[in-house]
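First the structure, in the form of structure tokens, and then the observations on it.
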Amino acid sequence: MTLGRGGSAVADGVRAADPSPLCIKLLWIAALAVSAYLTWAHYAADGTLACAEGSFVNCESVTSSQWAYLFGIPVALLGLLYNVVGVGFAFVGRRLGLARGRLVGLALTGVGMLFVLYLVWAEFVMIGQICSWCTVVHVITAVLFVFYLTTYFAGAPEDASV
């Protein structure tokens, strides 16, 4: 076994799997799961989230505020739809080709980051409280954005994941 281009292990001419594709898929799936939970809680009869409530962290007040809707659509539902697209992209993105896949990933997560920045502003400035479940999705979106940003502009090795 030797090290191939980019430091990946090569055995008998077969390149070992880069862990990045699995990590990216798991991050998208985690964001989808949390978004699904937030959407379920929004439409559930009791609408109660499992969330530690205090003066600063209060999921219920954040998810039931006027800022929990965009053009009359629940933000939780928009997040769910966004993450469904993200999971789909994570599993079929390589079929677009490396450069195009990286560009689509960057554009997708860039839109997500703009929305995250808007939601974080609404939480901190307009509501004065945060939702811990929402924060999980925000952090995952930021990590995915940084991954796509660095792989797109840093010229990662050609065998890297999209």
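The values are calculated or read from the model by the stated rules, or taken from the named source; none is laboratory data. The shown structure was predicted, so the numbers you read here are calculated from the model rather than taken from an experiment. Backbone-built Cβ (ideal geometry, glycine too); neighbour counts: all protein chains shown.
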inquiry  = Please determine whether any residue of the stretch 85-92 is loosely packed, with under 12 Cβ neighbours inside 10 Å, assigned to a helix (DSSP H, G or I), among the aliphatic types (A, V, I, L, M) and at pLDDT below 95.
reply    = yes
key: Yes/no for ALA122 being surrounded by 17 or more Cβ atoms within 10 Å (Cβ to Cβ), among the aliphatic types (A, V, I, L, M) and out of contact with any Cys (no Cβ under 6 Å at 6 or more places or on another chain)   = yes
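When the residues of the stretch 27-63 are filtered to those that are assigned to a loop (DSSP other than H, G, I, E, B) and surrounded by 14 or more Cβ atoms within 10 Å (Cβ to Cβ), which remaining residue is modelled with the lowest pLDDT?
Filtering the stretch 27-63 for residues assigned to a loop (DSSP other than H, G, I, E, B) gives 44-56, 58.
Then drop every residue that is not surrounded by 14 or more Cβ atoms within 10 Å (Cβ to Cβ), which leaves 49, 51, 58.
Working: LEU49: 79, CYS51: 82, ASN58: 88.
Ranking the candidates gives LEU49 first.
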key: Check on LEU114, in a helix (DSSP H, G or I), in contact with a His (Cβ under 8 Å, 6 or more places away or on another chain) and without any contact (Cβ under 8 Å) to a residue 40 or more places away in the chain   = no
inquiry  = For the stretch 143-162, give me each residue that is crowded, with 17+ Cβ neighbours inside 10 Å, at pLDDT 60 or above and out of contact with any Phe, Trp or Tyr (no Cβ under 8 Å at 6 or more places or on another chain).
reply    = PHE145, PHE147, TYR148, THR151, TYR152
ask   = What are the pairs, 6+ residues apart or on separate chains, where a residue within the stretch 50-75 that is β-branched (Val, Ile, Thr) has its Cβ under 9 Å from a residue that is exposed (fewer than 15 other Cβ atoms within 10 Å of the Cβ) and not in a strand (DSSP E or B)?
value = THR63/GLY47
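Which of the residues spanning the stretch 64-73 are exposed (fewer than 13 other Cβ atoms within 10 Å of the Cβ) and either in a loop (DSSP other than H, G, I, E, B) or modelled with pLDDT under 90 (or both)? Walk me through it before giving the result.
Keep residues of the stretch 64-73 that are exposed (fewer than 13 other Cβ atoms within 10 Å of the Cβ), which gives 66, 71-73.
Hits for the stretch 64-73 are PHE71, GLY72.
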